[in-house]
Structure formats: C-alpha cells, structure tokens
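Enquirer: Quick one: structure below, then a few questions.
The values are calculated or read from the model by the stated rules, or taken from the named source; none is laboratory data. What you are looking at is a predicted structure, and each value in this text was computed from that prediction instead of being measured. All Cβ positions, even for glycine, are placed from backbone atoms using ideal geometry, and neighbour counts span all protein chains on display. These accessible areas exclude ligands, DNA and RNA; they are computed on the full protein's heavy atoms, side chains included. Shrake-Rupley method; radii C 1.70, N 1.55, O 1.52, S 1.80 Å.
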Amino acid sequence: MRYLSHSDTDRSRRDSGFSLLELLVAMVIFLVISGSIWSVMRVAMQSRAVVNQQVGLAKSIRIGLNLLGRDTYNAGYGYPLMNSVVLPDNRISGTLGLPNDFDTTRDTIAPILAGNNITLNTYNTQPNIRTDQITLLYKDTTFNLVGAGTDAVSQPLNINAATTTTSGVDEIIPASGSNAGCRPNDIYLVSGNTGSTLVVATALGSTNRIRFANGDLLGFNQTGTSGPLRSITAPATLQRVEMVTYFVTADGTLTRRQFANVTSAVAYVDSPLVYGVEDFQIQYILDTGAVVDNPAAGPDGLAGTADDTPSILAAVRQVRFSISVRSQELNSAGQPYREAMTVTYGTRNLGYDAN
C-alpha cells in the first residue's frame, strides 16, 4: 500500500481547479468592473456626442459672424458721410422690406441701414419671434484699379455731369472718355459738389457712355431733371459700391444677400450661412455710448413715424450681434442641442468723411 505524501496532497488540491464559490466571486468582481467601465464609456460617449454637436453649432455660428464682422468693418469705406446720399422716396425701403417713411421727400441712405424685428421666425418654438436685419454699403475695391499688381488701388472714376437723352434715359460720360471698367446691373455711387446718389447701370452706350434707365433691377433710378442723378453737378465721380444685407429667413437660415453687381441680370444673390437659427438680434452702439435697437427709429423706437432720424445711422460706432441656433438632433433627454453667441464689431470706417 502506497501512502500519499504531503507533496502529493498539495498537488492533488492544485489539480482539482477552482471551487464553485471562487468562480462565483470572480464573476461578481468581473461584472462589477465591467459595469463600471461601461458606465464610464457611456458617459464619455454621451459627452463626446454633446461636444461634437456643440462644436458643430459653434463653428457654424462663427463662420456667419466672421462674414458679418468683415462687412461691418467695411461699412462706409469710400462712402460719403457728411454729404448725404439720396434716393427717390421709399426706394430703399421697398428693396429691403423695411417700413416706409412718413414723408414724400428723398431718402438719405447711410452706410448702415437697420431693420428691427423684420422677419417672423417660424423655426423658433416660441410664437411671434421676429428677427433683425442689417444692410451695409461700401465701395467695391476691384473697380477702376490704378497702379500695377498688388500696388493697384481702386479709385473713383472722374465723370461729366449726367444728361438725359431724347428717349428719356440718363447718361454719364466718363472724363476719360472710356466706360471699359463699368458693367450693366452694377450699383454706382455718383458724387459731386451738390450731393450723392445711388444708381444702377442698365446699359453701356458705345465705348464712352453709361446709361441709367427707369425700371432697373433695384428700382433706384429716376431719370430726368426731377431725379437725383441730374441734380449732381461736375466735378463729379462714379464708384461701384457693394450693398449686402444679412437677414434670417422664416425657416431659420441666416443669409447674406448681395444686391446686383453680378454679370447676370438678377436683383440679388443669396448665400445661406447658418442653419437652424432660432433668433438673430442686433443692437447699435452710438458715438454717445447709447445702445439702441434701431438708431433711425427716433425716440419712439418705431420706424416709419414722424420722429425718425436716419442721419443718426452715421453715428454708429459698434454693432452687436446675438445669434442662437438649435440642432435637429436630440440629446439623451430628448431635447435639441442649442448654442448662442454674442459678438460686437467696430465700424472702423464711420466717424469721418471718406471722400
């Protein structure tokens, strides 16, 4: 008979494996650790989704605000402030969808035009939310370049006073005798000793005439001796200008609208910038430090009333934009992702007469 030694007993115990109790304890520990890891991963995945959504919304807003900032900085560049730019009554309000003024006289057109609570926003879940708009004007730096290469600078084109043809069309002949740098359907600022006006070219005549007929793309022109163009005397200049409006469509899209100044005969070209906009509000900081929603609206704050003061628009020194957006995607709580930003830009070209 063979007796088991102490070493044989230890070997037998090792070969027998884990007991049921040991397996259960190991499984419980494994489940606890796995559950903890999964909880951490789930929180991390949710946080990542939130961050991705917020970053996407913020990036979209910044793109729109950057363009807004560029055009706000440019507003008034090469545009007269002290000599008022005029248009026939209510031509600009009809083009921009702003309230008509209370009188029947010519309207002054500042380089910044405010629109407070213009468009009803149906994308916003709250009822009756109306968004603002802003229009900015400045000279086109690609027009009539003088100089070579990178040293070329845009200069106004010297012109003779406008005349009216027998067919009732106003004509301008450049002092140089050439209209090579001009195009139909472009917006031009005509300035002289007796004021300034905006007109839209409708045709070029021969090689030395620029024509401005009634019924242009924007409805700016008023030909003949009663129109503002004929009242401007030489010496005078002509400069192409950019006119852009930022507004939110009813379905919540922040849009940049460029008027005319394209080769095709269209009144404007729209460029969508930010989608899912719930609100877009604008405030104006004046040279006095006052912060107002519409400087031109006067003390009563309502555009189109007798106390309107459009000349105060030239006193704008900063513009503050506030935008809020909402995504279509929902978070774990069933709520959409939201992001909001407010930024203030200076109007560096206002405060002095560019001409």
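Enquirer: From zero outward in steps of 10 Å, how is the percent of C-alpha pairs of segment 141-256 spread across the bins?
Expert: Answer for segment 141-256: a P(r) of 14, 43, 27, 12, 4 percent.
Enquirer: Could you tell me the calculated FRET efficiency between Ala58 and Gln335, based on Cβ-Cβ distance and R0 = 22 angstrom, to the nearest 0.05?
Expert: For Ala58 and Gln335, the calculated efficiency is 0.80.
Enquirer: Here is a follow-up. If you place +1 on the Cβ of every Lys and Arg, -1 on the Cβ of every Asp and Glu, and leave all else neutral, what size is the dipole of the chain about its Cα centre, to the nearest 20 Debye?
Expert: That gives the chain a dipole magnitude of about 1120 debye.
Enquirer: Once you place label points 7 Å from the Cα toward the Cβ at Asn214 and Ile33, how far apart are they in nm?
Expert: So the label points at Asn214 and Ile33 sit 8.9 nm apart.
Enquirer: Moving on to the next point. Counting only protein heavy atoms and a 1.4 Å probe, tell me what percentage of segment 76-154's accessible area is made up of carbon and sulfur.
Expert: 50 percent
Enquirer: For a Förster distance of 56 Å, can you work out the FRET efficiency between the beta-carbons of Thr125 and Thr166, rounded to the nearest 0.05?
Expert: Values: r = 60 Å, r/R0 = 1.08.
About 0.40, to the nearest 0.05.
Enquirer: Using a 7 Å offset from the Cα along the Cα-to-Cβ direction at both Ala203 and Leu24, what is the distance between the two label points in nm, to one decimal?
Expert: Between Ala203 and Leu24, the label points sit 10.1 nm apart.
Enquirer: Over the Cα atoms, compute the radius of gyration (one decimal) and Dmax (the largest Cα-Cα distance, rounded to a whole number) for the chain, in Å.
Expert: My reading of the Cα-based Rg and Dmax gives 32.9, 140 Å.
Enquirer: Something else now. Against the longest principal axis of the chain, how steep is helix 20-74, in degrees 0 to 90 to the nearest 10, with axes from Cα atoms?
Expert: Between the helix axis and the principal axis of the chain, the angle is about 10 degrees.
Enquirer: How much accessible area per residue does the chain have, in Å², with a 1.4 Å probe?
Expert: 51 Å²
Enquirer: Here's a follow-up. In nanometres, what is the gap between the two model label sites at Thr142 and Thr305, each 7 Å from Cα along Cα-to-Cβ?
Expert: Rounded to a tenth, the inter-label distance reads 4.3 nm.
Enquirer: Quick one: if you take sqrt(5λ) for each eigenvalue of the C-alpha gyration tensor of segment 225-355, what semi-axes come out, biggest first, whole angstrom?
Expert: In descending order, the three semi-axes are 35, 22, 14 Å.
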